[in-house]
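Below: one structure, written as structure tokens.
The values are calculated or read from the model by the stated rules, or taken from the named source; none is laboratory data. Given the structure is predicted, the values throughout are model-derived calculations rather than measurements. No Cβ is skipped: glycine too gets one built from the backbone with ideal geometry, and neighbour counts run over all protein chains shown.
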Amino acid sequence: MTLKKSHKMLLVLFGLIYLISPVDLIPEFLAPILGWVDDGVILYGIYHLVRYNRLPWNLFFNKKKKP
């Protein structure tokens, strides 16, 4: 599934706002390593979205391809 350009830009914008904002799913001051992993997953999602024009669904679903 490919995304429309407007949806892609909104997801990139929301991802960057999430990285910049002090409100986090796992705050760095409570659990530093888990907080950084949380931000890394968001960065990976943004990178994959910009590079391949789709979200990395392999983070959420494990689809096995038939040979």
Residues of the stretch 23-48 being more than 19 Å from residue 8 (Cα to Cα), in contact (Cβ under 8 Å) with a residue 12 or more places away in the chain and in a helix (DSSP H, G or I), in sequence order, are 38
Please work out which residue is modelled with the lowest pLDDT, limiting yourself to the stretch 1-30 and to residues that are β-branched (Val, Ile, Thr) and out of contact with any Gly (no Cβ under 7 Å at 6 or more places or on another chain). 2
Lone qualifier among 46, 33 - being modelled with pLDDT of 80 or more and surrounded by fewer than 10 Cβ atoms within 10 Å (Cβ to Cβ): 33
